[in-house]
Amino acid sequence: MLLRRITEHVKAQNWTAVALDFVIVVVGVFIGIQVANWNDARAERQDEAAILERFHDETVAAIEDRKLHEAATETQMYRMYELRKMLLGVVPPRPVTQVECTALAHSNYLPFATGAIPVLDELIATGRFGRISDPDVRQSAGALMRLRDEIRSVVDVISNSALDLPFEFPDLMRVGIEPTDAPDDIDGFVPVASCDGEAMRANQKFLNGFGANVDNYNVYYLASFIELTPSYDALHRSIDQALGMTHDAGEEGEE
């Protein structure tokens, strides 16, 4: 309809009307583009808000999961510390308990506690990391990913150098299983081990290998938790700030 009217004005050589029609067209197109841009920007803001909400929930879940792994790892490490003092003669000799022997049997098991944040990996994989406009969130997420990759490489190296002590010294350690009523267990049994403490103290090759495993475990603990945990906490704080969220004193203290 507008095109027909412009054509009629041109035929009539009514240039004022033609100019007015042209202005109407330009303004209409401009308004249409602005509305489309506004809708796109609003959709992007809504998408970013949804991403940040999920980012927050998954970061909190990762931090809580890492706390559980850290507590179990720390317990395992201190059991090996106490056992090492006894086997090396720092404290009087005594029998090796089943709990200590089981910890010793698993001293080469160094699982990397990734503290996975699935939405972060998805954003990187799909090229949508740029949807996060907050510079602090972007910086803290990038710093976490870089440090996490570096520490994973370290853990891989020390895992490859750790000794499987029950395999290397079957005459000193015997691995078995015993029933458990743990609700999350699959077959109703858990691995246990029994150790000949006297023979261990007399076997220097074993003591050297055990000492190396303890040192590796200590590096694993320090890198995976003590060094990496602050980066998770920094990411959590930056997401909280971006979302305008606050935590009570108890929650802040836990961070």
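The values are calculated or read from the model by the stated rules, or taken from the named source; none is laboratory data. This is a predicted model, so every value here is computed, not measured. Positions of Cβ are generated from backbone atoms using ideal geometry, with glycine treated the same way; all protein chains shown enter the neighbour counts. Please note that ligands, DNA and RNA were not included when accessible areas were found on the heavy atoms of the full protein model with its side chains. Shrake-Rupley method; radii C 1.70, N 1.55, O 1.52, S 1.80 Å.
Values computed for the structure shown
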quantity	calculated
Verdict on Arg148 being in contact (Cβ under 8 Å) with a residue 60 or more places away in the chain, surrounded by 13 or more Cβ atoms within 10 Å (Cβ to Cβ) and assigned to a helix (DSSP H, G or I)	yes
From the options Ala116, Ala105, Ala162, residue that is open to solvent by less than 40 Å² (accessible area, probe 1.4 Å), under 26 Å from Glu74 (Cβ atoms) and without any contact (Cβ under 8 Å) to a residue 60 or more places away in the chain	Ala162
Every residue from the stretch 198-231 that is in contact with an Asp or Glu (Cβ under 9 Å, 6 or more places away or on another chain) and more than 24 Å from Glu82 (Cβ to Cβ)	Thr229
Failed condition for Leu83, given (1) open to solvent by 10 Å² or more (accessible area, probe 1.4 Å); (2) more than 18 Å from the chain's Cα centre (by Cα)	(1)
For Asp215: the one exception among (1) open to solvent by 50 Å² or more (accessible area, probe 1.4 Å); (2) not in a helix (DSSP H, G or I)	(2)
Among residues of the stretch 56-114, those that are in a helix (DSSP H, G or I), among the β-branched types (Val, Ile, Thr) and within 16 Å of Ser224 (Cβ to Cβ), counted	3
Residues located in the stretch 181-208, provided they are touching a Pro at 6+ places or on another chain (Cβ under 9 Å), open to solvent by less than 70 Å² (accessible area, probe 1.4 Å) and outside any helix (DSSP H, G or I)	Gly188, Val190, Ala193, Cys195
Test: residue in the stretch 202-210 that is under 30 Å from the mean Cα position of the chain (by Cα) and either among the hydroxyl-bearing types (Ser, Thr, Tyr) or at negative phi (or both)	yes
